[in-house]
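Asker: Take a look at this one; I'll ask things after.
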Amino acid sequence: MSNYINAHCKICGKGYHVCASCSEQKSFQARRSVTDTPAHFQIYLTLHGYTLSKNREKAQAQLKQCNLSGLENFYPEIQSSIREIMAESQTPAPNSQT
C-alpha cells in the first residue's frame, strides 16, 4: 500500500491512498473511492439512502448497526445528519393533550 494520499474520506475527512482501479470505476462507486474504512462506507450508504428515501425509521435501524465511534471526528454535516436521524421523534402521542 502506498503512503501517497490521493483521496479523503467523505465521512471523516481523513486522507488515504486509493488505487487507480478503484478511482476509475464507472459502473459503481468502489468503497475505497468514497471512504477510508468499511465502517465509514456503511455510514455513507445509510446516509445516502436516507437522502433519497427520507425513511427515518429505516435509517435509524441501519445506523444502529453501524460503528459510530469517533462521531466527534466526522465532518460537521455528517454529525448533524446522524444526530437528526437518531433523534427521538418530537411528535406528540395520539392521545396526549396540548
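Asker: Report the normalised scattering of the range 7-86 as log10 I(q)/I(0) at q = 0.17, 0.21 Å⁻¹, calculated by the Debye formula with identical scatterers on the alpha carbons.
Answerer: So the normalised log intensities are -0.66, -0.95.
Asker: On to the next question. Can you give the FRET efficiency to the nearest 0.05 for residue 48 and residue 4, using r as the Cβ-Cβ distance and R₀ = 25 Å?
Answerer: E(calc), rounded to 0.05, equals 0.40.
Asker: Okay, next question. I need the peptides 68-77, 46-55, 4-13 ranked by packing, meaning the mean over residues of other C-beta atoms within 10 angstrom, with the highest value on top.
Answerer: For the peptides 68-77, 46-55, 4-13, the packing ranking is 4-13, 46-55, 68-77.
Asker: If amide hydrogens are placed 1.01 Å from N in the peptide plane, which non-local residues have theirs closer than 5 Å to the one on residue 7?
Answerer: 16, 18
Asker: Provide the per-residue ³J(HN,Hα) series for the range 57-64, in order, calculated from phi with Karplus coefficients 6.51, -1.76, 1.60 and θ = phi - 60°, each as a whole number of Hz, with x at glycine and proline positions.
Answerer: Values per residue, Gly and Pro as x: 4, 5, 5, 4, 4, 5, 5, 5 Hz.
Computed from the coordinates by the stated procedures, all read-outs in this text should not be read as laboratory data. Just so we're clear, the structure is a prediction, and the values are computed from it rather than from any experiment. Here Cβ is always computed from backbone atoms with ideal geometry, including for glycine, and neighbour counts include all displayed protein chains.
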